[in-house]
Amino acid sequence: MSKETASLLKKYLSTVITCSLITIWYISANLAAAPNQMERYRVISDGFAIPGMLAVCLGLMIKAASAGALDGVVYGLRNLVLSLIPGGRLRIKKYGDYVEERRTKRITGTGFIIHVGLLFCLISGIFVFLYNKVS
């Protein structure tokens, strides 16, 4: 197995484990209070939907940030923090220089977060279907 494949597999596995832990935590906390089968399906569906939606939103936010959509916000916050630090104003760059530097340091290869989130949303959709079939 190549290094790239092993690295990608580790990324997917860590994301699946994280989402699974959130799912298990939510389901174990709420399943005991479910009085019937219909409510159990709802709890399980919610358990998969919550980490799925969080992963998809996080992945899309990372994609937007790496495309440069948040460069102005990050630049403003960075300069705000630097202006509060003694001697920090000496490190403040012009916006054009900051954007050029950010273009060379874009984040790539974050699609795995969206893929895992969509998988969890798909599993949630199956349980929503079962919930509607029982009710």
Pick out the one residue from ILE22, ILE50 that is assigned by TED's automatic domain parsing to the domain that holds LEU119, in contact with a Pro (Cβ under 7 Å, 6 or more places away or on another chain), surrounded by 11 or more Cβ atoms within 10 Å (Cβ to Cβ) and assigned to a helix (DSSP H, G or I).
ILE22
Residues satisfying the stated conditions in the stretch 13-57, i.e. touching a helix residue (DSSP H, G or I) at 6+ places or on another chain (Cβ under 6 Å) and more than 24 Å from VAL134 (Cα to Cα):
THR15, VAL16, CYS19, ILE22, PRO51, ALA55, VAL56
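Say we look at the stretch 61-100 and pick out the residues that are acidic (Asp, Glu) and farther than 29 Å from THR15 by Cα; which of these is farthest from the chain's Cα centre (by Cα)? Walk me through it before giving the result.
Restricting attention to the stretch 61-100, the residues satisfying the condition of being acidic (Asp, Glu) are 71, 97, 100.
Narrowing further to those that are farther than 29 Å from THR15 by Cα: 97, 100.
Working: ASP97: 29, GLU100: 26 Å.
Only one residue tops the list, namely ASP97.
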In the stretch 53-69, which residues are under 14 Å from ARG102 (Cα atoms) and loosely packed, with under 15 Cβ neighbours inside 10 Å?
ALA64, ALA67, GLY68, ALA69
Over the stretch 71-94, the set of residues of a type in the set (Gly, Ala, Ser) and in a helix (DSSP H, G or I) is GLY72, GLY76, SER83, GLY88
I'm checking my understanding of the structure. Among residues of the stretch 25-46 that are touching a residue at least 40 places away in the same chain (Cβ under 8 Å) and under 17 Å from GLY117 (Cα atoms), which one is surrounded by the fewest Cβ atoms within 10 Å (Cβ to Cβ)?
ASP46
Which pairs turn up if I take residues in the stretch 98-117 that are surrounded by 15 or more Cβ atoms within 10 Å (Cβ to Cβ) and look for partners that are of a type in the set (S, T, N, Q) with beta carbon separation below 8 Å, at least 6 apart in sequence or on another chain?
THR110/SER66; PHE112/THR15; ILE113/THR15; VAL116/THR15
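The values are calculated or read from the model by the stated rules, or taken from the named source; none is laboratory data. All of these numbers come straight from a predicted model, not from anything done at the bench. Neighbour counts run over all protein chains shown; Cβ positions are idealised from the backbone, glycine included.
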